[in-house]
Amino acid sequence: MTRPRDDTPHLAPGQAEKIARLARLALSEQEAAGLQADLERILAHVAQLDEVDVAGVEPLAQPVPLDLPLRGDEPRPAGVRDELLEAAPDRERGHFRVPRVVDA
């Protein structure tokens, strides 16, 4: 494992514990130290990405062009309601009947 370079940002003491607390993680001291090291490696990688020359590169939202065919948004009857209700194990007045899961 490589350690972050000295010119990359480091977490201040206690920041890893604060992040863990915000994420509702209960960490031992050893786990918090490991989290601190992991986060510093992530910050070092982001700092390394900041050094990449992206002049002239257009921002990209989708790496692969999406040519999805679109259909008109027109209402139409579904026509399967009765078929679905016929297949239901229990139904009542045109609705699915299910066991009660919440006490009234």
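The values are calculated or read from the model by the stated rules, or taken from the named source; none is laboratory data. Every value quoted in this text rests on a predicted model; they were computed, and no experiment measured them. Because the Cβ atoms are built from the backbone with ideal geometry, glycine has one as well, and the counts that use them run over all protein chains shown. Side chains included, ligands, DNA and RNA excluded: accessible areas come from the protein's heavy atoms. Shrake-Rupley method; radii C 1.70, N 1.55, O 1.52, S 1.80 Å.
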Contacts under 7 angstrom Cβ, first residue in segment 27-53 being surrounded by 13 or more Cβ atoms within 10 Å (Cβ to Cβ), partner of a type in the set (Lys, Arg), 6 or more apart: Ala44/Arg5
Could you check how many residues of segment 29-81 are closer than 30 Å to His95 by Cβ and either of a type in the set (Asp, Glu) or modelled with pLDDT of 90 or more (or both)? 2
Every residue in segment 45-96 that is within 30 Å of His10 (Cβ to Cβ) and of a type outside the set (Asp, Glu), please. His45, Val46, Ala47, Gln48, Leu49, Val52, Val54, Ala55, Val57, Pro59
Find all pairs meeting these conditions: Cβ atoms under 6 angstrom apart; at least six residues apart or on different chains; first residue within segment 76-100 and open to solvent by 100 Å² or more (accessible area, probe 1.4 Å); second residue not in a loop (DSSP other than H, G, I, E, B). Arg91/Leu85; Arg97/Arg91
Can you pull out the helices (runs of 4 or more DSSP H) entirely within the chain that have at least 2 residues that are of a type in the set (Gly, Ala, Ser)? 15-22, 29-50
